[in-house]
Amino acid sequence: MRRVFAALALGMTAAAHAAHEGHAQLGATAAFDAAGGVLAAYKDGSHVVVRRSADFGRTWSTPRRVNAVPEPVAAEGEARPKIATGTRGEVYVTWTRPLSKPYTGEIRFARADDVDAPFSAPVTVHTDRQEITHRFDALSVGPGGRLYVAWIDKRDLELAKRAGAAYAGAAVYVAVSDDGGKSFRGDFKLADHSCECCRIALLPEADGGLLALWRHVFEPNVRDHALARLDGDGNAAPLRRVTFDDWRIDACPHHGPSLARDEAGRLHAVWFSGAPGRSGVFYARLGDNAPLPRLVGDDTAAHADLAVSGSRLLVAWKSFDGERTHLEIMRSDDGGETWRTRKLSHTDGPSDQPRVLTHAGRFFVFWNTAHEPLSMHEVE
């Protein structure tokens, strides 16, 4: 009965926020390229397309198809095409291709040598080809050009089922490319027992390692967050729990975290919790002796994202006042000690989740809405 009430509570929350949770076709991501242009990737029918803006989102180029051959493309909730750029101007795109069985998929990847070059034929990143869950891809490029693709994977759950053993949630797997996406090595398992449908936050490190933050299933069924490191050889360090909201629910909230590191080496994160008495979006520095988490926005705040430039931080999220969806931000210029909060924009129609970008020390918020597609908001 407790599980039933938990599922009903999550459903009621989703229904209350339906007006500002967005539309499946609005799922998009963006990234700056080496020349200072911004690239956006999103779904257009059975294709992933990329557009470029040379004037910070005021005008956009004609869409270019990433996959020449049509195929299913996921673009809903925490699953949407991802885009990143390489150190030499390369363009990388990933997406989830749904398969015939419910909740199954493959992680697809394509690359181009630069913004004007044709994209390569898409490949499936992971070596495991079972018709199971490989979904909710995450894409990131390290300072040295190493490319990381992570995803939620249920191969270990399937093994446990066949053995008659219990297994909570799914697992986080990672593939690594050292040649600009021309080939991948892996699959490297970062951890068992991840939540099933929340996005993974990736933070590449200068030594070739990778930090990942995700919603985890802690005993007995607590949906808090875990942090773990994968070294350059694919070896995973033991995870550590970094949020302690004690949200006990037998369901996935489709609400993943964001992670960044400042110039002093401190880790910063934002995340969502639906725990009784501790519900909402939270910001915190991660680590020993860090201040207590800070509540972000009001009780309708959702889908926050975070970026850092030096010692400056910007958090962006959506809120809903019953009629309009608002894009809100809070900014700190002292490493998260003090904050200023304000509304940045609003819309009367469907909208996607906001994403914070940095370029040349400047903050931008990318927000794809039905009324203002692919909008870019500079934060002064």
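Data for the structure
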{"read-out": "Where a residue in segment 282-310 is assigned to a strand (DSSP E or B) and its partner, wherever it lies, is among the basic types (Lys, Arg) and open to solvent by less than 10 Å² (accessible area, probe 1.4 Å), with Cβ under 8 Å and at least six apart", "value": "Ala302/Lys318; His303/Lys318"}
{"read-out": "Scan of segment 154-174 for residues that are of a type outside the set (A, V, I, L, M, F, W, C), outside any strand (DSSP E or B) and crowded, with 16+ Cβ neighbours inside 10 Å, ordered by number", "value": "Lys154, Arg155, Asp156, Tyr167, Gly169"}
{"read-out": "Condition check for Thr325: under 19 Å from Cys197 (Cα atoms) and buried (at least 21 other Cβ atoms within 10 Å of the Cβ)", "value": "no"}
{"read-out": "Filter result for Pro122 (touching a Lys or Arg at 6+ places or on another chain (Cβ under 7 Å), assigned by TED's automatic domain parsing to the domain that holds Ala31 and within 19 Å of Gly181 (Cβ to Cβ))", "value": "yes"}
{"read-out": "Candidates Arg129, Arg52, filtered to the one that is more than 28 Å from Pro257 (Cβ to Cβ), open to solvent by 20 Å² or more (accessible area, probe 1.4 Å), outside the structural domain of Ser351 (by TED's automatic domain parsing) and assigned to a strand (DSSP E or B)", "value": "Arg52"}
{"read-out": "Boolean, Lys101 is surrounded by fewer than 15 Cβ atoms within 10 Å (Cβ to Cβ), over 21 Å from Leu147 (Cα atoms) and among the charged types (D, E, K, R)", "value": "yes"}
{"read-out": "From Asp245, Asp250, residue being part of a loop (DSSP other than H, G, I, E, B), over 20 Å from the mean Cα position of the chain (by Cα) and at pLDDT below 95", "value": "Asp250"}
{"read-out": "Test: Asp246 is surrounded by 14 or more Cβ atoms within 10 Å (Cβ to Cβ) and either in contact (Cβ under 8 Å) with a residue 40 or more places away in the chain or touching a Pro at 6+ places or on another chain (Cβ under 8 Å) (or both)", "value": "no"}
{"read-out": "Qualifying residue in segment 341-351 (condition: surrounded by 20 or more Cβ atoms within 10 Å (Cβ to Cβ), of a type in the set (Gly, Ala, Ser) and part of a strand (DSSP E or B))", "value": "yes"}
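The values are calculated or read from the model by the stated rules, or taken from the named source; none is laboratory data. Because the structure is predicted, anything quoted here is derived from the model rather than measured. Quick reminder, even Gly has a Cβ in these numbers, built from the backbone with ideal geometry, and neighbours come from all protein chains shown. Ligands, DNA and RNA are stripped out before the accessible areas are found, and what is left, the full protein with its side chains, is counted by its heavy atoms. Shrake-Rupley method; radii C 1.70, N 1.55, O 1.52, S 1.80 Å.
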